[in-house]
Amino acid sequence: MSFYDNPEERKDLIHSIFEILNNWQIDAELQALLVGLSAETKARELTKIKNGKAFPDEEDFMQRALEILSISKGLKSAFPGNSTLANLWVTTPSYNFNDKAPLEIMITGLPGLQEVSRHLHASW
């Protein structure tokens, strides 16, 4: 049984995740990777998912979703009142990640999302 068995809660979670990714100005191909889908996921398939379609691997999606929410929360703490800087941080190379943007670390999979989340919560 999943944490988000309620269809409305699940739809709200999916909406929140993609709203965060859109705020970070992440393109559709990378959005697909971040939530655990193939980079070849068609735009129409991604649109269906954004509208509440079930994910192929629910446990993986839930773990990734929680990490994305954690990163978003960490950015709000790191840049209170300045969502522009918070959103830019995701795509700006950082010495903390060997001159890679946090997004480059995040798209490597769940461990990358966890690494960025830990960094944000440990640093701020």
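Side notes on the structure shown:
- Helix 7-23 vs. the chain, principal-axis angle (Cα, 0 to 90°, nearest 10): 40 degrees
- 5 angstrom amide H check on LYS100, placed H, neighbours 5+ away: SER94
- Estimated at 0.36 nm per residue, the fully extended path between GLU9 and SER38 surpasses their Cα-Cα distance by 8.0 nm.
- Chain lengthening between ALA78 and GLU59 when straightened (0.36 nm per residue, less Cα-Cα): 4.0 nm
- Sum of side-chain charges, SER72 neighbourhood, beta-carbon under 13 Å (Lys, Arg +1; Asp, Glu -1): +1
- Residue-averaged [θ]222 nm for the chain, counting only DSSP H segments that reach four residues, each worth -39500 (n - 2.57): -19500 deg cm²/dmol
- Pairs of Lys residues in the chain are counted when their Cα atoms are under 16 angstrom apart and they lie 8 or more places apart or on different chains; the count is 5.
- In this entry, the chain is assigned a mean projected area of 7.5 nm², taken as a quarter of its C-alpha convex hull surface.
- Label-point gap, in nm, between SER16 and THR92 - each point 7 angstrom along Cα→Cβ: 2.6 nm
- Projected label distance in nm at THR108 and LEU69, using a 7 Å step from Cα toward the beta-carbon: 2.6 nm
A short reminder: the numbers here are calculations on the coordinates, not readings from a lab. Everything quoted here is computed from the prediction, not taken from an experiment. Because the Cβ atoms are built from the backbone with ideal geometry, glycine has one as well, and the counts that use them run over all protein chains shown.
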